[in-house]
Amino acid sequence: MAEPTLSRRRLLLAAPALTLGAASLLRGEEGRNNLKEPVYRVSNNPNTSQPVAAQHPLAPAMEIAKRGLAQIDQNVRDYECTLVKREQINGKVLDPEYMYTKIRNEQVDANGNVITPFSVYMKFVAPANIKGREVIYVKGRNNGNLIAHEGGNLLKFVTVPLDPNGMMAMRNNRYPITEIGIRNLIVRLIEVAEEDMKYGECEVKFYQGAKINDRICTAIEVIHPTPRSNFRFHKAHIFIDDQLQVPIRYAAWDWPKKPGAEPMLFEEYTYSNMKMNNGFTDADFDTNNKSYAF
């Protein structure tokens with residue numbers, strides 16, 4: 001999820017190596033009970049060439065991000081996926097969380113009027129302490145609140161509205177639900193890249209043929225070798241799905257605390273089992289949906 005102000009948005013895309021583990025779920029109710037560790041693989045021969053010698057190293061990545069944003073705005077109305085997140089909260093890296101997720105992108109008419117609002121449904125599958133939690137958020141509805149209930153026999157029927165930016169909703173979250181999703185991720189990528197392109201000290205590498213599970217990707221590695229107040233991360237990796245042309249994995253690390261130490265994870269998100277344009281309706285984001293446990 002994402003923070004509401006740019007000063008708090010650490011668009012952090014990094015890892016100690018390009019072979020990493022996160023987690024995903026198989027599509028379907030039965031599959032969501034069988035967690036798997038996806039494998040991330042990349043070529044050992046990065047492509048660091050740039051079309052124009054004078055351009056900033058981030059310029060090619062910026063173009064990819066802008067094309068991805070246009071692809072979503074033109075062709076992606078909604079999607080379902082498994083979202084796996086791992087975040088650092090108060091200096092501690094928490095265990096991964098697994099969420100079956102439906103997202104409907106905001107659609108506007110030629111006059112800028114909202115036809116369908118940005119909408120989110122999430123069902124938490126693991127770990128055990130949050131299993132069964134469901135959350136719905138529809139922009140502009142429910143007085144701006146998200147609607148949630150916990151899992152378990154005692155609490156699953158206790159549904160509460162929460163301010164997305166409030167203490168309860170933000171507990172163990174770096175970002176509010178209002179900025180979840182691959183479109184918001186791309187927007188933040190562009191914002192941070194635009195800031196970083198004002199400065200030097202940036203190394204960028206491209207790895208063709210990277211894989212997340214069975215998805216072929218282009219991996220982009222961004223490195224700021226030296227800590228500076230104007231940089232938000234030390235190392236960052238973005239995996240762009242070659243077929244879908246959108247980022248499906250993003251992770252970021254802080255600078256090592258001392259020479260030779262491993263960088264500490266800031267945040268890591270993987271969007272797997274992506275299925276686009278399902279024709280979701282308001283019923284998919286309604287607490288009265290009989291398929292849900294509200």
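The values are calculated or read from the model by the stated rules, or taken from the named source; none is laboratory data. The structure presented is a predicted model; accordingly, all values stated were derived computationally and were not measured. Methodologically, a virtual Cβ is constructed for each residue, glycine included, from the backbone with ideal geometry; neighbour enumeration extends over all protein chains shown. Each accessible area value is taken on the protein alone, full model and side chains, heavy atoms only, with ligands, DNA and RNA left out. Shrake-Rupley method; radii C 1.70, N 1.55, O 1.52, S 1.80 Å.
Here are some notes:
- Only residues that are more than 20 Å from the chain's Cα centre (by Cα) and crowded, with 21+ Cβ neighbours inside 10 Å were counted across segment 208-230, and they come to 1.
- Meets criteria (in a loop (DSSP other than H, G, I, E, B) and surrounded by fewer than 16 Cβ atoms within 10 Å (Cβ to Cβ)) for D73: no
- The criterion of being aromatic (F, W, Y) and surrounded by fewer than 19 Cβ atoms within 10 Å (Cβ to Cβ) holds for Y199.
- Strands (runs of 3 or more DSSP E) completely within segment 138-221 that count 1 or more residues being in contact with a Leu (Cβ under 8 Å, 6 or more places away or on another chain), modelled with pLDDT of 95 or more and within 21 Å of L265 (Cα to Cα): 203-212
- Residue, most open to solvent (accessible area, probe 1.4 Å), within segment 162-180, restricted to residues that are touching a helix residue (DSSP H, G or I) at 6+ places or on another chain (Cβ under 9 Å) and touching a residue at least 60 places away in the same chain (Cβ under 8 Å): N165
- Long-range neighbours under 9 Å by Cβ, at least six apart or interchain, first residue touching a residue at least 24 places away in the same chain (Cβ under 8 Å) and in a strand (DSSP E or B) within segment 105-120, second loosely packed, with under 10 Cβ neighbours inside 10 Å and among the aliphatic types (A, V, I, L, M): Q107/I115
- Matching entry among F266, F294, F280 (being part of a strand (DSSP E or B) and either of a type outside the set (D, E) or within 30 Å of V160 (Cα to Cα) (or both)): F266
- Of all residues in segment 242-281, those satisfying the criterion of being over 30 Å from Q88 (Cα atoms), touching a residue at least 60 places away in the same chain (Cβ under 8 Å) and surrounded by fewer than 18 Cβ atoms within 10 Å (Cβ to Cβ) are N277, N278, G279.
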